[in-house]
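Reading through the structure tokens given below for one structure.
All of the numbers you see were taken from the coordinates with simple rules; none came from a lab. All values reported here derive from a predicted model rather than from experimental measurement. Every residue, glycine as well, gets a Cβ built from its backbone with ideal geometry; the counts of neighbours run over all protein chains shown.
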Amino acid sequence: MVLDGSSPLALKRRRLTTLNSMEAEAAKAKLAAVKEKFGRDLHVFETSSLSSAPSDVSNEETDDFYEFTAEDYYRLMGTKKEDKYLKTKKNS
């Protein structure tokens with residue numbers, strides 16, 4: 001088994017993988033061919049379908065969470081700054 005992650009920043013992204021020596025040689029050959037073709041190194045990252053999907057559905061809020069209640073209204077109005085002047089309609 002080989003531990004992925006060659007840089008210190010990759011510590012969180014490390015995962016254990018089993019590499020076959022034949023697969024490793026084939027991958028190195030492909031990367032060398034790509035490097036020769038494009039003139040620079042390319043980095044390839046794999047993501048599994050399980051990690052891309054949200055794993056915990058229970059984090060979603062219920063519909064009641066988004067309701068605007070009377071308590072919310074009074075809390076907002078209590079923090080609202082009062083105007084110093086009476087607002088009147090201008091006649092033009």
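Inter-label distance, residue 64 to residue 28: 6.1 nm, where each label sits 7 Å from its Cα along the C-beta direction.
Based only on other Cβ atoms within 10 Å, what is the fewest-to-most ordering of 74, 85?
Result, fewest neighbours first: 85, 74.
Ranked by how many other Cβ atoms sit within 10 Å of their own Cβ, fewest first, the residues 35, 87 fall in the order 87, 35. The aspartates and glutamates whose alpha-carbon is closer than 16 Å to the alpha-carbon of residue 80, local same-chain residues fewer than 8 away aside, are 71, 72.
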